[in-house]
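Here's the structure, in structure tokens; my notes come after.
Derivation of every value follows stated rules applied to the coordinates shown; laboratory data play no part. Quantities reported herein were computed from a predicted structural model and do not represent experimental measurements.
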Amino acid sequence: MNDIEQIGCCGAYCRTCREYQSTCKGCKTGYLDGSRNLSRAKCKMKKCCLTRGHITCGDCTEYAFCETIQAFVNHPGYKYFKYKQALEFIRAHGHADFLKAAEHWKNAYGKYPEQDT
């Protein structure tokens, strides 16, 4: 898995995501090289993101108005808040800075440089 493949369409950092390590195949594994059929994927967010050629939903010009991603990131719960924060960090700083921030995380989400005091 290359570095970009480690970023989920939703903003999760797959390399340290517990679900990815145990049961999840990830958003991109197999879909980018064609060994898995994207038309059979159940996740609307993943289908849309990858069909449009994006790395994450945060790369999409329709991000702020997309009902699918906004329903996901505005769902109650801490992890959804963190996924929204990840996508907004990616939108502001790019994938390379996201990967740099995530390199020491222990979960699918974590702290960003501007949060450190």
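Maximal additional length on extending the ALA96-THR61 stretch stands at 10.7 nm, based on 0.36 nm per residue less the C-alpha distance. The phi torsions of segment 98-111, fed into the Karplus equation with coefficients 6.51, -1.76 and 1.60 and a -60° offset, translate into couplings of 4, 4, 5, 5, 7, 4, 10, 5, 10, 10, 6, 8, x, 8 Hz, rounded to whole numbers, with Gly and Pro shown as x. When you work out D = kT/(6 pi eta Rh) for the chain at 37 °C and 0.692 mPa s, using the Kirkwood radius from C-alpha pairs as Rh and the Stokes-Einstein form, the result is 229 µm²/s. The relative contact order of segment 1-60 comes to 41 percent, based on Cα pairs under 8 Å that sit 6 or more residues apart. Using C-alpha pairs under 8 Å with a sequence gap of at least 6, the mean separation divided by the residue count of the chain gives a relative contact order of 31 percent.
Distance cut-off 25 Å, Cα to Cα: go down the list LYS42/LYS82; LYS28/LYS82; LYS79/LYS100; LYS42/LYS106; LYS44/LYS111 and report the pairs above it. Long pairs (Cα-Cα over 25 Å): LYS42/LYS106; LYS44/LYS111. For ILE7, nonlocal amide neighbours, meaning residues 5 or more places apart or on other chains whose placed amide H falls under 5 Å from its own, are CYS14. Under 5 Å from the amide H of ARG36 lie the amide H atoms of TYR31, each residue being 5 or more positions distant or on a separate chain, with H modelled from the backbone and absent for Pro and chain starts.
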